[in-house]
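First comes the structure, then the notes that go with it.
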Amino acid sequence: MNSKVFTLGLTGGIGSGKSTVANMFARLGTAIVDTDLIAHQLTTTGGKALPAIRAQFGAAYIAADGAMDRAAMRRHVFSDPAERQKLEAILHPLIRQETEIAAQNTEAAYLIFVVPLLVESGNWKNRVHRVLVVDCDEATQLQRVMTRNGLSEAQVKAIMETQAGRQQRLQAADDVIVNEGDLSGVEARVMQLHRHYLQMAGTMREK
Ligand code: ADP
């Protein structure tokens, strides 16, 4: 990772409020790099990951428009860890490459990578200066995702089971934002952390 810019990894379980928090930091002028968005770009029509995906999984996973057939791939890897690993072995190095380019090109004081599975995918923690976890109760997570995505309780629970548990994520955290209840409290915490990060970024630049 480019050592010139101060970097954070922002993570949290599904529905914890990662996007909500990332938007707050973005409004303060922080550069945000969303790794899910990068993964999407890599697998959309003309994306860099497509030749390897076609070679590994076959044409059945490529849609008529040349993009990865997301629904088919999701079904294929959801309950098969070995197949999921094959997909990740293609995507992770490419995502890494793209995030490094973003870090090299940013003009912002510091940069936040939004990485939903930061805790689960081992090496991310070593690639950022600090890990920021958005935390909320599991019942809150469940409720939010059921509402946002129109999913059943069982469907959301199945997704949550593929993710690290709350305690495991908190153990990896340098900083935590508790996102329960009113967003104005979250806004204040974001502002406090932003000042802290600007200071850290400044100290790093002086070195
Ligand atoms: P993530 O990116 O971690 O999946 P989001 O930021 O998309 O989570 O939040 C999940 C859903 O919950 C969104 O619809 C969002 O608007 C809503 N949400 C997030 N935080 C709060 C909050 N403090 N109060 C009410 N709704 C919230």
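The values are calculated or read from the model by the stated rules, or taken from the named source; none is laboratory data. Predicted model, so just to flag it, every value in this text is computed and none were measured. Heads up, the Cβs are rebuilt from the backbone with ideal geometry, glycines too, and the neighbour counts pull from every protein chain shown. Please note that ligands, DNA and RNA were not included when accessible areas were found on the heavy atoms of the full protein model with its side chains. Shrake-Rupley method; radii C 1.70, N 1.55, O 1.52, S 1.80 Å.
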The lysines whose Cα lies under 24 Å from the Cα of residue 125, excluding any fewer than 8 residues away in the same chain, are 4, 18, 86, 207
Give me, ordered by chain and number, the residues 5 or more places off residue 176 or on other chains with an amide H under 5 Å from its own placed amide H.
133
Keeping all protein chains in place and using 1.4 angstrom, which order do 68, 200 fall into by accessible surface area, from largest down?
200, 68
Along its principal axes, what span do the Cα atoms of the chain show, with the longest given first and each in whole Å?
50, 39, 27
Backbone HN-Hα couplings from phi across the stretch 30-47 [Karplus 6.51/-1.76/1.60, Hz, Gly and Pro as x]
6, 7, 10, 10, 9, 5, 5, 5, 4, 4, 5, 5, 5, 10, 7, 3, x, x
Long-range share for the stretch 1-71, i.e. C-alpha pairs more than 20 Å apart as a percent of all pairs, stands at 49
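May I ask what percent, to the nearest 5, of DSSP beta bridges between residues of the chain are antiparallel? Mind showing how you got there, number by number?
On the way: 1 of 18 bridges.
Close to 5 percent.
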Go through the stretch 48-60 residue by residue and turn each phi into a ³J(HN,Hα) via Karplus (6.51, -1.76, 1.60, θ = phi - 60°); whole Hz please, and just put x for glycine and proline.
5, 7, 5, x, 5, 5, 4, 5, 7, 10, x, 5, 4
If you roll a 1.4 Å probe over the heavy atoms of the protein chains, what accessible area per residue do you get for the stretch 14-135, in Å²?
49
Could you check how much of the accessible area of the chain is carbon and sulfur, as a whole percent, using a 1.4 Å probe?
51
Which of the three applies to the stretch 127-187, rounded, prolate or oblate, going by the alpha-carbon gyration tensor with a ≥ b ≥ c and a/c under 1.5 meaning rounded?
oblate
Whats the longest run of the chain with zero GluC sites (Glu not before Pro) that are DSSP loop and have at most 16 other Cβ atoms within 10 Å?
1-106
Overall form of the stretch 66-154 per C-alpha gyration tensor (a/c, 1.5; a/b vs b/c):
oblate
What length, rounded to one decimal in nm, is gained on full extension from residue 82 through to residue 123, with 0.36 nm per residue of separation minus their alpha-carbon distance?
12.9 nm
Part-to-part distance (alpha-carbon centres) for the stretch 79-142 and the stretch 1-67, which is given in Å:
9
